[in-house]
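What follows is a set of notes on a single structure, which appears directly below.
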Amino acid sequence: MGGGSGDRLVTQWTLGPDSGELVLHTGVTGSASRMGHRLTIAVRSWHAVVDADGEVPSAVEVTVDLDSLEVLRGEGGMTPLTGAEKALIRTNALKTLRAKKFPQARFRSTSIERSGSAVRLLGVLELAGHSGEQTVEVEVSDESVLGTASVRHSDFGLKPYSMLMGAMKVADEVAVSLAVARPA
């Protein structure tokens, strides 16, 4: 009766847009940065598979369909964003990410560290044909799972979108946040 490794309860959770939201937040740099918008971009098609040994995650894989990006809003800037500007921003983002050639981004954990309700996922992010180390910080409560990561364009061979001869450009670092209901 009990205690051996054969008695472990291994579960698998599958998460996606029905479970919560995955959002990107961009900044603006350059001498004309106040003319640009800090963007909030939703990912409408993604899925995550979490293997768990009891309550402790043992492996995580997240796949994002880049063509599902939707510009929600832009803060700052000289004028509010119009629908046409949101569409242009989306097109530029997909070009920057080389989404036609590499339609998905994928994160796979290589190790997981847990300390109380905090979980640190160390892994590999595949983006635009490049792979790089990535850390994701996760906070788990009884109701939700909140994850954050910082992804740099330059770590993946990407040049952030710029205009006005570089006087205004998307910041190298993009903040990624995930908020989902905790799986039962």
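The values are calculated or read from the model by the stated rules, or taken from the named source; none is laboratory data. As the structure is a prediction and not an experimental result, all values here were calculated from the model. We place every Cβ from the backbone using ideal geometry, glycine too, and count neighbours over all the protein chains shown. All accessible areas refer to the heavy atoms of the entire protein, side chains included, with ligands and DNA or RNA removed. Shrake-Rupley method; radii C 1.70, N 1.55, O 1.52, S 1.80 Å.
Along the Cα-to-Cβ line of T148, 7 Å from the Cα, sits a label point; which residues in region 111-126 have backbone N less than 15 Å from it?
What the label zone holds, given the 15 Å backbone N cut-off, is 118-121.
Determine the calculated [θ] at 222 nm for the chain from helices alone, applying -39500 (n - 2.57) to every DSSP H run no shorter than 4 residues and normalising by the residue count; nearest 500 deg cm²/dmol.
After summing the helix terms and dividing by the residues of the chain, the value is -2500 deg cm²/dmol.
So which GluC sites (Glu not before Pro) in region 50-108 end up in coil per DSSP with only 15 or fewer other C-beta atoms within 10 Å?
Taking region 50-108 and a limit of 15 other Cβ atoms within 10 Å, the loop GluC sites (Glu not before Pro) found are E55.
Which ³J(HN,Hα) values in Hz, rounded to whole numbers, follow from the phi angles of region 67-74 under the Karplus curve 6.51 cos²θ - 1.76 cosθ + 1.60, where θ = phi - 60° and Gly and Pro get x?
3J(HN,Hα) across region 67-74, in whole Hz: 5, 8, 5, 9, 6, 8, 7, x.
Of S117, S58, S131, which has the largest mean-square fluctuation in a 10 Å C-alpha GNM of the chain?
S117
Note down the relative contact order for the chain as a percent, whole number, built from C-alpha pairs under 8 angstrom at least six residues apart.
23 percent
Just the accessible area per residue of the chain, please: how many Å² with a 1.4 Å probe?
I get 58 Å² per residue for this part.
Test of the criteria: in region 92-184, which GluC sites (Glu not before Pro) are in a DSSP loop and have at most 11 other Cβ atoms within 10 angstrom of their Cβ?
Values: sites: E113, E126, E133, E137, E139, E143, E173; in loops: E143.
Hits after loop and neighbour filter: E143.
GNM, the chain, Cα, under 10 Å: largest mean-square fluctuation among G116, G30, G20?
The residue that fluctuates most here is G116.
Cα-Cα pairs above 29 Å in the chain: how many percent?
More than 29 Å apart: 28 percent of the Cα pairs in the chain.
Please work out the FRET efficiency for the pair T82 and T11, using the Cβ-Cβ distance as r and a Förster radius of 45 Å; give the result to the nearest 0.05.
Plugging the Cβ-Cβ distance into 1/(1 + (r/R0)^6) gives 0.45.
Roughly speaking, to the nearest percent, how much of region 11-181's 1.4 Å accessible area is carbon and sulfur?
That fraction is 54 percent.
Calculate how steeply helix 83-96 sits against the longest principal axis of the alpha-carbon atoms of the chain, using the helix alpha-carbon long axis, and give the answer as 0 to 90 degrees to the nearest 10.
Approximately 70 degrees, to the nearest ten.
List residues of region 127-157, by number, whose backbone nitrogen lies under 18 Å from a label position 7 Å along Cα→C-beta of T63.
127-131
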